[in-house]
1. Under the Karplus relation 6.51 cos²θ - 1.76 cosθ + 1.60, θ = phi - 60°, what is the ordered set of whole-Hz ³J(HN,Hα) values for the range 147-162, x standing for Gly and Pro?
2. Neighbouring Cβ atoms within 10 Å as the yardstick, rank 146, 112 fewest first.
3. Which pairs break 18 Å Cα to Cα here: 36/76; 85/133; 85/130; 76/126; 36/60; 37/60?
4. Arranged by the count of other C-beta atoms within 10 angstrom, fewest first, what order do 145, 80 take?
5. Only loop residues by DSSP count here, and only those with at most 14 other Cβ atoms within 10 Å; note down the GluC sites (Glu not before Pro) in the range 83-133 that meet that.
6. Each residue of the range 72-82 in order: what ³J(HN,Hα) in whole Hz does its phi give by Karplus 6.51 cos²θ - 1.76 cosθ + 1.60, θ = phi - 60°, with x for Gly and Pro?
7. If the cut-off is a Cα-Cα distance under 15 Å, which aspartates and glutamates reach residue 123, setting aside same-chain residues fewer than 8 apart in sequence?
8. How would 104, 96 line up from fewest to most surrounding beta-carbon atoms within 10 angstrom?
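Where a number appears in this text, it was derived from the coordinates with a stated rule and is not lab data. Model, not experiment: these values are computed from the prediction. In this analysis, Cβ positions are derived from the backbone assuming ideal geometry, glycine residues included, and neighbour counts consider all displayed protein chains.
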Amino acid sequence: MEGPGQRFLQNGRLSPSTIVYNGNSHVESGNVNRTKKEDVVDFVRNQFDRANFTIVAGYKGLAMSQLTELRSELRKANGSFRVVKNTLARRALQGHEAEALAEHLRGPVGIVFAYGDPAAAAKAVKEFAKGAKGFEVSVGFIEGSVLTASGVEQIADLPSREELLAKLVGSMNRPISGVVNVLAGPLRNLVYALSAVAEKKAA
């Protein structure tokens with residue numbers, strides 16, 4: 001007899017037919033009603049709306065415990081990792097500015113959503129990938145542009161918001177932390193935009 005959660009696990013790994021959203025897992029077995037599917041599509045689209053940076057990554061062969069570890073690290077970076085049935089994720093992207101990601105939703109892939117500092121989420125993904133064979137970044141999306149895996153790594157190598165603020169404050173000899181906080185956001189957006197432009201030119 002199946003125990004709790006075994007329906008969507010295969011040898012301790014996430015089944016390719018599993019839908020994960022809002023922190024819960026659901027099995028897409030062909031008899032999920034239309035309302036449930038629309039709920040998933042709406043939820044995923046909302047995640048794309050909220051996120052300022054997204055990453056599509058393959059997770060083939062990873063155990064549920066490893067994905068739990070990734071989610072834990074991303075929560076610390078104000079991000080999340082969602083595994084959603086590809087057909088539903090593609091529907092969520094229809095007409096969205098990140099619609100170009102739809103063609104990369106093939107096979108066992110998950111989506112990283114960053115709601116805060118993109119560099120912090122990218123760093124968490126990069127560190128996790130070092131010890132997770134089978135986890136591979138496919139593409140990213142930021143500031144209206146699709147990034148290759150190399151572009152995502154460049155974001156990961158950028159200084160975090162805290163590091164950037166520390167450098168800016170350290171370069172000044174007077175207390176202007178308020179000004180720094182105002183300027184840091186636009187400055188980081190400029191860095192991300194330049195990274196996206198460079199990625200496009202290199203393509």
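1. Running phi through 6.51 cos²θ - 1.76 cosθ + 1.60 with θ = phi - 60° gives 10, 6, 4, 5, x, 5, 5, 5, 4, 5, 7, 6, x, 5, 4, 5 Hz.
2. Lowest count first: 146, 112.
3. 36/76; 85/133; 85/130; 36/60; 37/60
4. Least to most surrounded, the residues fall as 145, 80.
5. 97
6. With the stated coefficients, the range 72-82 comes to 5, 5, 5, 4, 5, 9, 6, x, 8, 10, 10 Hz.
7. By straight Cα distance, residue 123 reaches 69, 73, 136, 153, 157, 162, 163.
8. The fewest-first ordering by Cβ neighbours comes to 96, 104.
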